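Bear in mind that the values in this text are calculations on the coordinates, not laboratory data. This one's a predicted model, so the numbers in the text were calculated from it and none came from an experiment. Because the Cβ atoms are built from the backbone with ideal geometry, glycine has one as well, and the counts that use them run over all protein chains shown.
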Amino acid sequence: AQSVTQLDSHVSVSEGTPVLLRCNYSSSYSPSLFWYVQHPNKGLQLLLKYTSAATLVKGINGFEAEFKKSETSFHLTKPSAHMSDAAEYFCVVTNSGGYNKLIFGAGTRLAVHP
Amino acid sequence: GAVVSQHPSRVICKSGTSVKIECRSLDFQATTMFWYRQFPKQSLMLMATSNEGSKATYEQGVEKDKFLINHASLTLSTLTVTSAHPEDSSFYICSARDLAGPDTQYFGPGTRLTVL
């Protein structure tokens, strides 16, 4: 069975400093992995996705994530945080077969301080 | 990029009434749409998978007679909350799987349902 663990429920950074949101996954198959962002009372926006191509995935708004099979990790990073990055971030893995269900992590709330 | 809309964005209804929420894929065709429920400060919980032209597949613990799903076309799925009660108050989010990109789901902006 597939599962996702987001290691931090809350992360707080200062504007202009790096962001690291950690995610570990468990999968019996070669997984597809995603990061989504949700701003308050909004739907989810796809930041980036990994689907067995390059292990370093670049997304929108300067975010990127690296798929590390040996560590079963898919951490999200950004070199310099912006105030507008404050939101909830979800790490997601597809279920076996990859076509249907998304398995969501519990989410990480990112706060960005001036 | 692929856009999914939901209507209404917010709805307030009285206990015992039914509410219909629409989910549309605006610029792509979606044979499969998904309905999620999100409680405050929590993650998304998949309620059901909606396939165009067939019956929806409900997750364990989700009452199919209470949450009616119809997927009549490749661009529209509806969720009807029947005989709503205050405990049904939640944020309902749909997503659609693009035929051209089977591993990617695009999410709607969500519908905030409040049952008085």
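Given the criteria surrounded by 14 or more Cβ atoms within 10 Å (Cβ to Cβ), under 17 Å from residue B:41 (Cα atoms) and in contact (Cβ under 8 Å) with a residue 40 or more places away in the chain, does residue A:2 qualify? Against the criterion (surrounded by 14 or more Cβ atoms within 10 Å (Cβ to Cβ), under 17 Å from residue B:41 (Cα atoms) and in contact (Cβ under 8 Å) with a residue 40 or more places away in the chain), residue A:2 does not qualify.
Picking from residues in segment A:26-36 that are surrounded by fewer than 21 Cβ atoms within 10 Å (Cβ to Cβ) and either away from chain B (no Cβ under 12 Å) or part of a strand (DSSP E or B) (or both), the one that is nearest to the chain's Cα centre (by Cα) is A:26. Scanning segment A:1-25 for residues being more than 17 Å from residue B:104 (Cβ to Cβ) and assigned to a loop (DSSP other than H, G, I, E, B) gives a total of 9. For segment B:24-45, a tally of residues being in a strand (DSSP E or B), surrounded by 19 or more Cβ atoms within 10 Å (Cβ to Cβ) and of a type in the set (A, V, I, L, M, F, W, C) returns 4. Whether any residue in segment A:61-70 is more than 9 Å from chain B (Cβ to nearest Cβ), hydrophobic (A, V, I, L, M, F, W, C), within 24 Å of residue B:93 (Cβ to Cβ) and part of a strand (DSSP E or B) is what I want to check. Yes, there is a match, as at least one residue in segment A:61-70 is more than 9 Å from chain B (Cβ to nearest Cβ), hydrophobic (A, V, I, L, M, F, W, C), within 24 Å of residue B:93 (Cβ to Cβ) and part of a strand (DSSP E or B).
Tell me, which residue of segment B:71-86 that is over 19 Å from residue B:13 (Cβ atoms) and not β-branched (Val, Ile, Thr) is surrounded by the fewest Cβ atoms within 10 Å (Cβ to Cβ)?
Only one residue fits best here, namely B:72.
Please specify each residue of segment A:40-60 satisfying the condition of being surrounded by fewer than 17 Cβ atoms within 10 Å (Cβ to Cβ) and more than 10 Å from every other protein chain (Cβ to nearest Cβ). A:40, A:53, A:54, A:55, A:56, A:58 - these are the residues of segment A:40-60 that are surrounded by fewer than 17 Cβ atoms within 10 Å (Cβ to Cβ) and more than 10 Å from every other protein chain (Cβ to nearest Cβ).
Of all residues in segment B:46-69, which are in a loop (DSSP other than H, G, I, E, B) and over 30 Å from residue A:110 (Cβ atoms)? Full working, then the answer.
So the first thing to find is which residues in segment B:46-69 are in a loop (DSSP other than H, G, I, E, B), and the list is B:52-56, B:59-66.
Passing the criteria: B:52, B:53, B:54, B:55, B:56, B:60, B:61, B:62, B:63, B:64, B:65, B:66.
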